[in-house]
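As structure tokens, the structure follows; a few thoughts come after it.
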Amino acid sequence: MNLKMAALYLFLLFYCTLLTFGQRYQPTWDSLESRPLPDWYDEAKLGIFMHWGVFSVPSYNAVWFWNNWKNGNRDIVNFMKRNYRPDFTYADFAADFKAEFYDPKRWAAILEASGAKYVVLVSKHHEGFTNWPSNYSWNWNSYDVGPHRDLVGELADAIRNTTNLRFGLYHSLFEWYNPLYLRDKANNFTTQDFVKFKSMPELYELVNRYKPEVVWSDGAWEAPDTYWTSKEFLAWLYNDSPVKDTVVTNDRWGKGDICHHGGYFTCTDKYLPTTLQKRKFENAMTIDKNHWGFRRNARIEDFFSARELIATFAQTVSCGGNMLMNVGPTSYGTIQPVYEERLLQFGKWMRINGEAIYSSKPWTVQQDNATRTCWYTMKKTETATNVYAIVLDWSDTNYLYLNAPITSSSTLITMLGFQDYNFSYSKVQPSGVNITLPNISFSKIPSTDAWVFKMTDISN
């Protein structure tokens, strides 16, 4: 190697080293938010949320049961008086959180059949009970009391060994009644004992042990992110953690951060915008219309139908978001039939219409101005753009008018799942298209919930 080549080699090595160190993220929002969102997350579109914990034992008033009871909720107070001894405490419920029918491989099969591409399991909710044998939650975890099992680890293994789903974890930064947290709070968060000795150590433990590719933070709204040391954690997560290249995070890292800072935005529970969003977002919603956990007293009308879930999903994806659809398992470790049925119904629709969903992008129009129950997605080809119209209501006439698409001379219109049929159409001036709807027998129509018309070579 001559001197010039050697000098060039050393320069390139030095330059690459600078680039490598330059890519390390600093614990500032400007630096952390410069990290690109890993592609897999936007391509996935659908995840399943699972709220499971000690609250699944009373299974009444769902996940905020303890807090509502302590704050004197009359309904819960009366429920406890009718059904439990006077000195019964919330901690006493943990012994009955047995998960005796918990079959993580069956859970994994149901989740994959839903059409979802990732799952987010609650590892610890605001009650502080950890669903794994944490070194920082003595005698208030699923190994020391209740199931005597590593619930997180078993599902992580089942997901990774038997499916193609990504595994993620929800973690609450705060705990309602942890003495360390309450002391920090009383000190106006000028002390950080809870963060240093409980919350952050267990979060690092979760990531290092289970390698979640979604870290879904919550419970940070009472204190700023400087108290939680959230930015320092995220810098480690993005730079040095075992999931640094693929992990995604949300926006719940401190008071005032939600919908302003973090990874993707969640903004509020059940966030469902009607227009295209500038930032990637996730609509965290639940099949039970009003609650996140399993409820023994739920009625069938309390659950969204498959058609309602698909309608919410179509709107979410059209506006640039993912949907995280929640189910609440039982304390004995099963996914109740009503939840399982919804997941399987959803998966059936996704198997037919996934082309319009997975890896799609928002189109220039989200909701059709004429047919308001139509939402659009699109995919670009090498030569043109294919647009997908997700139609939630079948037309009462023999045609479907869509105002937004401008067809070209080579446009073809088909319906996903209705094979080998090109729909005739007429172009409408100045924009729009009338699609002629033939008589389709019930046995041939691909769905009864929503239909996707694929339009190739659209001009706009």
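The values are calculated or read from the model by the stated rules, or taken from the named source; none is laboratory data. Model, not experiment: these values are computed from the prediction. All Cβ positions, glycine included, derive from the backbone under ideal geometry; neighbour counts span all protein chains shown. Keep in mind that these areas ignore ligands, DNA and RNA; they rest on the heavy atoms of the full protein, side chains included. Shrake-Rupley method; radii C 1.70, N 1.55, O 1.52, S 1.80 Å.
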- Item | Count of the stretch 223-234 residues which are open to solvent by 10 Å² or more (accessible area, probe 1.4 Å) and in contact (Cβ under 8 Å) with a residue 60 or more places away in the chain | 2
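Please go through the stretch 247-271 and pick out each residue that is under 22 Å from Val122 (Cβ atoms), open to solvent by 20 Å² or more (accessible area, probe 1.4 Å) and part of a loop (DSSP other than H, G, I, E, B). Explain how you work it out, then say what you get.
First, the residues of the stretch 247-271 that are under 22 Å from Val122 (Cβ atoms): 247-255, 257-259, 262-271.
Subsequent filtering for residues that are open to solvent by 20 Å² or more (accessible area, probe 1.4 Å) retains 252, 255, 258-259, 265, 268-271.
Result: Arg252, Lys255, Ile258, Cys259, Thr268, Asp269, Lys270, Tyr271.
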- Query: When you scan the stretch 336-356, how many residues do you find that are under 19 Å from Phe101 (Cα atoms) and either basic (Lys, Arg) or surrounded by fewer than 20 Cβ atoms within 10 Å (Cβ to Cβ) (or both)?
  - Reply: 5
- Query: Which numbered condition trips up Leu276, out of (1) assigned to a loop (DSSP other than H, G, I, E, B); (2) surrounded by fewer than 18 Cβ atoms within 10 Å (Cβ to Cβ); (3) out of contact with any Pro (no Cβ under 8 Å at 6 or more places or on another chain)?
  - Reply: (3)
- Can you name every residue in the stretch 189-217 that is among the aliphatic types (A, V, I, L, M) and either farther than 19 Å from Tyr170 by Cβ or surrounded by fewer than 20 Cβ atoms within 10 Å (Cβ to Cβ) (or both)? Met200
- Message: Report every pair of residues separated by at least 6 positions or lying on different chains whose Cβ atoms are under 6 Å apart, first residue within the stretch 375-386 and hydrophobic (A, V, I, L, M, F, W, C), second at pLDDT 95 or above.
- Response: Trp375/Ala314; Trp375/Gln315; Trp375/Ser318; Trp375/Gln367; Trp375/Ile390; Met378/Lys361; Met378/Trp363; Met378/Val387
- Task: Go through (1) in contact with a strand residue (DSSP E or B) (Cβ under 9 Å, 6 or more places away or on another chain); (2) closer than 17 Å to Lys379 by Cα; (3) of a type outside the set (A, V, I, L, M) and name the single condition Ser408 misses.
- Result: (1)
- Query: Which helices (runs of 4 or more DSSP H) does the stretch 130-246 wholly contain that include 1 or more residues that are in contact with a strand residue (DSSP E or B) (Cβ under 7 Å, 6 or more places away or on another chain) and not aromatic (Phe, Trp, Tyr)?
  - Reply: 151-162, 200-210, 230-239
- Mind checking which pairs have a first residue in the stretch 151-162 that is acidic (Asp, Glu) and a second that is open to solvent by 10 Å² or more (accessible area, probe 1.4 Å), Cβ under 7 Å, 6 or more apart or different chains? Glu154/Pro104
- Query: Considering only the stretch 356-388, how many residues are touching a Leu at 6+ places or on another chain (Cβ under 6 Å) and not in a loop (DSSP other than H, G, I, E, B)?
  - Reply: 0
- Query: What number of residues within the stretch 70-107 are surrounded by 19 or more Cβ atoms within 10 Å (Cβ to Cβ) and at negative phi?
  - Reply: 8
- Selection from the stretch 389-429 of residues that are part of a strand (DSSP E or B) and either open to solvent by less than 80 Å² (accessible area, probe 1.4 Å) or free of Cβ contacts under 8 Å to residues at least 12 places away in the same chain (or both): Ala389, Ile390, Val391, Leu400, Tyr401, Leu402, Ile413, Thr414, Met415, Phe418, Tyr425, Ser426
- Message: Show the residue pairs meeting these rules: Cβ distance below 9 Å; 6+ apart or different chains; first residue within the stretch 282-304 and closer than 21 Å to Ala99 by Cβ and of a type in the set (Asp, Glu); second residue in a strand (DSSP E or B) and at pLDDT below 95.
- Response: none
- Task: Could you tell me which of the residues Ala220, Ala186 is open to solvent by 10 Å² or more (accessible area, probe 1.4 Å) and either in contact with a Ser or Thr (Cβ under 8 Å, 6 or more places away or on another chain) or under 24 Å from Trp66 (Cβ atoms) (or both)?
- Result: Ala186
